[in-house]
Amino acid sequence: MKIAIMGAMPEEIEPIISKLDAVTKTYYGENTYYEGTYHGKDVVVAYSKIGKVFATLTATILIEKFACTHLLFSGVAGAISNELSIGDLVIATGLSQHDLDITAFGHPFGYVPEGEVCITTDKNLRNLAKKVAQEKSLTLKEGNIATGDQFVADETRKNWIGSTFQADALEMEGAAVAVVCKALNVPFFILRAISDSADMDASFNFDTFLDSSAKISADFILSMVDELQSI
Ligand code: 3QA
């Protein structure tokens, strides 16, 4: 077992890298990969840079070059659901690309031939997360996440994404990671802590809460690594 831990921004993975032992850095594909151990388990950590394209590249390299067998994503997200507040943890059941649009040909939003609108995450990893949350008395919400190459700071756009994809949160990388992991048959898990509500206050709240929410997500991911054993 070799666990990939991925974020999009430096702030999302720094709280993880700082806790690793025996770290070696590898520069590859214009990015830095941190190999090390966490309480004896082999991990490879990287941030992709923002958006679906960079996320695809990094997830692929973590699997193909570093031979990771599981992928855990840690980061922040914008809330769609009114039940999600800043700092809340949400795990993705399924992920969709909200900016993928060939509807001119009669297809639904998020669909391309031979793809699927919503990709489901690994059930064992989700169950493990619920167990960890229970043990630590943390509230963990589960929902669909919508991904697109857009920082959403608009109530109308956010509500459209929510109703079109039955999404509870949105971000800019998860569905890309899902496409890669599904194609390469690697169990994956997407965790996000809410940094903003994708509304007109989103950029201000994002700047204010990026560090604290990223840390909430990172700490949870490390607890999961501790309990990842036979799956
Ligand atoms: C936003 C980050 C990107 O990796 C996606 C955060 C939180 N709130 C969001 C929202 N819409 C879309 N995604 C999110 N992440 C990058 S823009 C800020 C860059 O600042 C999730 C996310 N409302 C860089 C400094 O200039």
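Is it true that ALA153 is more than 23 Å from MET6 (Cα to Cα), small (Gly, Ala, Ser) and part of a helix (DSSP H, G or I)? It is false that ALA153 is more than 23 Å from MET6 (Cα to Cα), small (Gly, Ala, Ser) and part of a helix (DSSP H, G or I).
Screening the candidates GLY148, GLY115, GLY174, GLY162 for the property of being touching a His at 6+ places or on another chain (Cβ under 6 Å) and closer than 23 Å to VAL53 by Cα yields one hit, GLY148.
Here region 57-67 is the region considered, the condition is being closer than 13 Å to PHE188 by Cβ and surrounded by fewer than 24 Cβ atoms within 10 Å (Cβ to Cβ), and the residue that is farthest from the ligand (Cβ to nearest atom) is ILE63. Here THR32 meets each of (1) surrounded by 16 or more Cβ atoms within 10 Å (Cβ to Cβ); (2) of a type in the set (S, T, N, Q); (3) free of Cβ contacts under 8 Å to residues at least 40 places away in the same chain with one exception, condition (1).
Of the residues making up region 68-94, those that are within 13 Å of the ligand (Cβ to nearest atom) and under 13 Å from the mean Cα position of the chain (by Cα) number 8. Scanning region 2-23 for residues that are away from the ligand (no atom under 16 Å from the Cβ), in a loop (DSSP other than H, G, I, E, B) and in contact with a strand residue (DSSP E or B) (Cβ under 6 Å, 6 or more places away or on another chain) turns up LYS2, LEU20.
Among the residues of region 162-194, those that are of a type in the set (Val, Ile, Thr) and under 14 Å from ALA92 (Cβ atoms) comprise VAL177, VAL179, ILE190, ILE194.
Can you go through SER230, SER203, SER213 and tell me which one is surrounded by fewer than 18 Cβ atoms within 10 Å (Cβ to Cβ) and modelled with pLDDT of 95 or more?
Sole residue among the options that is surrounded by fewer than 18 Cβ atoms within 10 Å (Cβ to Cβ) and modelled with pLDDT of 95 or more: SER203.
Within region 149-169, at least one residue is away from the ligand (no atom under 16 Å from the Cβ) and of a type in the set (Gly, Ala, Ser).
Is it the case that region 120-132 has a residue that's assigned to a strand (DSSP E or B), away from the ligand (no atom under 15 Å from the Cβ) and surrounded by fewer than 21 Cβ atoms within 10 Å (Cβ to Cβ)? Taking every residue of region 120-132 in turn, at least one turns out to be assigned to a strand (DSSP E or B), away from the ligand (no atom under 15 Å from the Cβ) and surrounded by fewer than 21 Cβ atoms within 10 Å (Cβ to Cβ). Only one residue in LEU170, LEU138 is closer than 27 Å to LEU20 by Cα, outside any helix (DSSP H, G or I) and touching a residue at least 12 places away in the same chain (Cβ under 8 Å). Which one? Answer to the check: LEU138.
The values are calculated or read from the model by the stated rules, or taken from the named source; none is laboratory data. Just so it is clear, the structure is predicted and the values come from calculations on it, not from any experiment. Because the Cβ atoms are built from the backbone with ideal geometry, glycine has one as well, and the counts that use them run over all protein chains shown.
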